[in-house]
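Some notes on the structure that comes next.
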Amino acid sequence: MESTTIKKTFSVIPGLNMGLFAPKDFQNILNIINKYDVPRTKITGAQRLALLDMDQDEIPKLHKELKGYIRPQVSNGVHYVQACPGSKWCKYGIADSLKLGENIEQIALNKPLQAKVKVGVAGCRMCCTEPYVRDIGVFASKSGWTLVFGGNGGGNPRLGDIVAKSLTDEEILTLITKCLTVYQEKARPTSRTARFMTRFGIDALQELVLK
């Protein structure tokens, strides 16, 4: 009996965080994808674009053609930022989550993080981007931003700890930087923030970052 092996490929287009596409750019991206006869595409849970079941050898060529639509990889170790439409486009949004997400991507650190860091930013307390199960979670209320740290989904889930509430845009960026710096310095190699926080604890983190 002749056996067959199913060849699986999965390639995520980097640099397209937060699911934002200008219609013209999206059409150009679609034209490139069609040129390479990609069988399936998918919007991922991280609001990025995945290319499914395409020829493995064609992936580098396709990525090269998409270079003009791909932002440079951020150097701070943040894996991706997931953000809701926020006050700009959602009737429930009370803060500009997309702008904050862009600013989080640009946070500068002096060395790589211990493991990948996923960010969820929500423009209201409905928390559509699931900030409580992200390494860095942020959501808005009438009093300002709330910062959650050390969340994780997947097979070993953990709700993140609330670090501080009622923060301005400037304050939350400063506090995120402080939390990432502590994680960078105190966490074990390859340890995600959820496992780090289980060991380190919210009281110890707050003592270091809320000075």
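Below, the figures for the structure above:
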{"item": "Lys, Arg +1 and Asp, Glu -1 on Cβ, resulting dipole of the chain about Cα centre, debye, nearest 20", "result": "220"}
{"item": "Ranked 145, 89, criterion: other C-beta atoms within 10 Å, fewest first", "result": "89, 145"}
{"item": "log10 of Debye I(q)/I(0), alpha-carbon scatterers only, for the chain at 0.11, 0.14 Å⁻¹", "result": "-0.58, -0.88"}
{"item": "At R0 = 45 Å, FRET efficiency that the Cβ-Cβ distance of residue 36 and residue 186 yields, to 0.05", "result": "0.50"}
{"item": "Rounded Å value of the spacing that divides the Cα centres of the range 93-108 and the range 41-58", "result": "25"}
{"item": "Spherically averaged projected area in nm², based on the convex hull that wraps the Cα atoms of the range 131-211", "result": "5.0"}
{"item": "Ranked list, fewest to most other Cβ atoms within 10 Å of each Cβ, for 136, 70", "result": "70, 136"}
{"item": "Amide hydrogen neighbours beyond the local backbone of residue 12, cut-off 5 Å, H modeled", "result": "51"}
{"item": "For the range 42-133, convex hull of alpha carbons as volume per residue, Å³", "result": "141"}
{"item": "Amide N of the range 180-197 lying under 14 Å from the label point, which is placed 7 angstrom from the Cα of residue 110 along Cα→Cβ", "result": "181-186"}
{"item": "Residues 69, 132, sorted so that the one with the fewest Cβ neighbours within 10 Å comes first", "result": "69, 132"}
{"item": "Extension gain (nm, one decimal) between residue 130 and residue 27, 0.36 nm per residue minus Cα-Cα", "result": "34.1 nm"}
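Each reported figure results from applying straightforward, stated rules to the coordinates on display, with no laboratory input. Because the structure is a prediction, the values reported are computed rather than measured. Methodologically, a virtual Cβ is constructed for each residue, glycine included, from the backbone with ideal geometry; neighbour enumeration extends over all protein chains shown.
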